[in-house]
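Visitor: Encoded as structure tokens, here's the structure I'll be asking about.
The values are calculated or read from the model by the stated rules, or taken from the named source; none is laboratory data. All values derive from a computational prediction rather than experimental measurement. Cβ sites come from the backbone with ideal geometry, for glycine too, and all protein chains shown count toward neighbours. The accessibility values were calculated without ligands, DNA or RNA, using every heavy atom of the protein model including side chains. Shrake-Rupley method; radii C 1.70, N 1.55, O 1.52, S 1.80 Å.
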Amino acid sequence: MEAPTLLIVGGDDRQVLELNRAAQALLRCENRLAVVPGAGHLFEEPGALEAVSALAREWFTRHLPQGASRHGAEA
């Protein structure tokens, strides 16, 4: 089974961005590399964590099965 993979990286963290691009090229599943403009490695810049959480929320909403438990266990 292949899991859809979301990679999120800060646009100002050029080294990690290049590493993520290399990793993405090796993936054989649905994937996306999302770049948060103006953000560094720890997403400490104003609004950066909010951008990360919005990206993750959209990704999980689209890829998690409907009705999945919040804690990963079946109800």
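Visitor: How far is helix 14-26 tilted off the main Cα axis of the chain, in degrees rounded to 10, range 0 to 90?
Guide: 40 degrees
Visitor: Give a residue-ordered list of calculated ³J(HN,Hα) values for segment 46-58 (Karplus: 6.51 cos²θ - 1.76 cosθ + 1.60, θ = phi - 60°; whole Hz; x for Gly, Pro).
Guide: Each residue's phi maps through the Karplus curve to give x, x, 5, 5, 5, 5, 4, 5, 5, 4, 5, 4, 5 Hz.
Visitor: Extending each Cα 7 Å along its Cβ direction at ARG28 and ALA3, get the distance between those two points in nm, one decimal.
Guide: Label-label distance for ARG28 and ALA3, simple model: 1.8 nm.
Visitor: While we're on this one: Once you sort the root eigenvalues of the Cα gyration tensor of the chain as a ≥ b ≥ c, which label holds: rounded (a/c under 1.5), prolate (a/b larger than b/c) or oblate (the other case)?
Guide: It comes out oblate by the Cα gyration axes.
Visitor: Taking the solvent-accessible surface of protein heavy atoms with a 1.4 Å probe, what is the per residue accessible area of the chain in Å²?
Guide: 77 Å²
Visitor: Residue farthest toward the positive end of the dipole of the chain, with Cβ of Lys/Arg at +1 and Asp/Glu at -1: which of GLY47, CYS29, ILE8?
Guide: The one lying farthest along the dipole's positive direction is CYS29.
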